[in-house]
1. Considering only strands (runs of 3 or more DSSP E) fully contained in the range 49-167, which possess at least 2 residues that are surrounded by fewer than 18 Cβ atoms within 10 Å (Cβ to Cβ) and at negative phi?
2. Out of the range 35-52, which residues are more than 17 Å from Ala244 (Cβ to Cβ) and either touching a residue at least 12 places away in the same chain (Cβ under 8 Å) or not acidic (Asp, Glu) (or both)?
3. Return the total of residues in the range 92-120 being free of Cβ contacts under 8 Å to residues at least 40 places away in the same chain and touching a Phe, Trp or Tyr at 6+ places or on another chain (Cβ under 7 Å).
4. If you check Leu309 against the conditions, is it outside any loop (DSSP other than H, G, I, E, B), free of Cβ contacts under 8 Å to residues at least 60 places away in the same chain and among the hydrophobic types (A, V, I, L, M, F, W, C)?
5. All but one of (1) among the hydrophobic types (A, V, I, L, M, F, W, C); (2) assigned to a loop (DSSP other than H, G, I, E, B); (3) within 22 Å of Glu279 (Cα to Cα); (4) in contact with a Ser or Thr (Cβ under 8 Å, 6 or more places away or on another chain) hold for Ile352; state the number of the condition that does not hold.
6. What do you reckon, is Asn264 touching a residue at least 60 places away in the same chain (Cβ under 8 Å), farther than 26 Å from Ala15 by Cβ, open to solvent by less than 70 Å² (accessible area, probe 1.4 Å) and not aromatic (Phe, Trp, Tyr)?
7. Just give me the residues in the range 312-326 being in contact with a helix residue (DSSP H, G or I) (Cβ under 6 Å, 6 or more places away or on another chain) and either within 14 Å of Asp368 (Cβ to Cβ) or open to solvent by less than 10 Å² (accessible area, probe 1.4 Å) (or both), in sequence order.
8. Determine which single condition Pro28 fails, assuming it passes every other condition in (1) farther than 23 Å from Gln187 by Cβ; (2) not in a loop (DSSP other than H, G, I, E, B).
Amino acid sequence: MTRELRPATIASHAAGAVDPQSGGVVPPIQPATTFMRDENYALIRPDNVYSRDQSDTVRMAETVLRKLEQAQDTLLFPAGMAAIAAVFRTLRAGDTAIIQSGIYWGTTKWVRDFCARRDVTLYEVDASDLPALQAVCTAQKPALVFVETPSNPWLKIVDIKAAAQAAHAAGGILVVDATAATPILMQPLALGADIVMHSASKAINGHSDVLAGVLSTNTPDAPIWDMIKADRHDAGAVLGPFEAWLLIRGMRTLPLRVERMTQNTEALAAFLHAHPMVEDVFYPGLPHHPGHAVAAQQMSGYGSLMSVLVKGGKDDALRIVGKLQLFMRATSLGGVESLVEHRHTIEPHTGIPENLIRVSVGIEDIDDLIADWTEALG
């Protein structure tokens, strides 16, 4: 076709990755780690020497993601943190970096430790407060600004276009963790971000059975992208072909899953926000959310992640979590199954309120999900 394909078509057809040998409509998997040469020792396939970053299956998965992200280049990693680490390892001693405060604790902890070891000056700022972000960018001239939107678990929204302008004016680049949004609901590169990152373990895969991370860019000729590619190859932070194949399989339903999950979350968030046992709901799809207007401008939907503040304290939150039957008590988000987590138990020293429950909404029937919370809340 001559027209530009929509995300649902790209995903369901795995960006055209059929099996050319058998004609199978399912993309093939090639698990080889090394590749043949002819009698003159010339490579049979010049682009396949060793599978560290030369896997056809991984390339297929990257192609799907690149097209969904509307990017010029995409790189897969064995975990979201491996992707983040590759970005930050481009910094040199004496550089300055800014990260958003109150984001995924695993990111914050690793970045703090890394910057301390590498003599990189690190500033943490509430990036949803645009004047605060602009002020620290102007004053500190960071080489790198890293934000997460919607953020986990606070669901704060960063104005990506304005954040990119602030980072670029200071001579730096903007990296956006858009895991909670997925490429289906938000296009950070089109809004001015230099690099977009996802933990593909979450909704991109969607079945809680793959660890993967991904980076995409529209400036593949930039020095930082060359450094990231070299780091991935040299340090061996590569995704295996079996994981890549599972990722392709999961992505074929990504737009459909995201649509259903978002619908469910919007309905559940409205129900919980009106419930007398709930103090507040952090979800950008609710009109009272401080980032609702910005989210409405830069997202096509509000996603499947929210946090609920129940009335009472730790014991009340744990009692409710313990009574939920359909929402499984487990750490992650973005899967087809709904998950619930008492975040303070997992991260007791990070300022998470004891009455906060993080909720990842799946694709189940919404009436069943609401009934589950109705019974748990009492």
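The values are calculated or read from the model by the stated rules, or taken from the named source; none is laboratory data. Remember, predicted model here, so these are calculated numbers, not experimental data. Cβ placement follows ideal geometry from the backbone for every residue including glycine, while neighbour counts extend to all protein chains displayed. These area figures cover heavy atoms from the full protein model, side chains too; ligands, DNA and RNA do not enter into them. Shrake-Rupley method; radii C 1.70, N 1.55, O 1.52, S 1.80 Å.
1. Values: elements: 73-77, 96-100, 121-125, 144-148.
Correct list: 121-125.
2. Of the residues in the range 35-52, the ones more than 17 Å from Ala244 (Cβ to Cβ) are 36-46, 49.
Correct list: Met36, Arg37, Asn40, Tyr41, Ala42, Leu43, Ile44, Arg45, Pro46, Val49.
3. 2
4. Working: outside any loop (DSSP other than H, G, I, E, B): yes; free of Cβ contacts under 8 Å to residues at least 60 places away in the same chain: yes; among the hydrophobic types (A, V, I, L, M, F, W, C): yes.
Spelling it out, Leu309 is indeed outside any loop (DSSP other than H, G, I, E, B), free of Cβ contacts under 8 Å to residues at least 60 places away in the same chain and among the hydrophobic types (A, V, I, L, M, F, W, C).
5. Unmet for Ile352, out of (1) among the hydrophobic types (A, V, I, L, M, F, W, C); (2) assigned to a loop (DSSP other than H, G, I, E, B); (3) within 22 Å of Glu279 (Cα to Cα); (4) in contact with a Ser or Thr (Cβ under 8 Å, 6 or more places away or on another chain): (4).
6. Working: touching a residue at least 60 places away in the same chain (Cβ under 8 Å): yes; farther than 26 Å from Ala15 by Cβ: yes; open to solvent by less than 70 Å² (accessible area, probe 1.4 Å): yes; not aromatic (Phe, Trp, Tyr): yes.
Spelling it out, Asn264 is indeed touching a residue at least 60 places away in the same chain (Cβ under 8 Å), farther than 26 Å from Ala15 by Cβ, open to solvent by less than 70 Å² (accessible area, probe 1.4 Å) and not aromatic (Phe, Trp, Tyr).
7. Initially, the range 312-326 is screened for residues in contact with a helix residue (DSSP H, G or I) (Cβ under 6 Å, 6 or more places away or on another chain), giving 320, 323-326.
Of everything in the range 312-326, those that are in contact with a helix residue (DSSP H, G or I) (Cβ under 6 Å, 6 or more places away or on another chain) and either within 14 Å of Asp368 (Cβ to Cβ) or open to solvent by less than 10 Å² (accessible area, probe 1.4 Å) (or both) turn out to be Ile320, Leu324, Gln325, Leu326.
8. Status for Pro28: all satisfied but (2).
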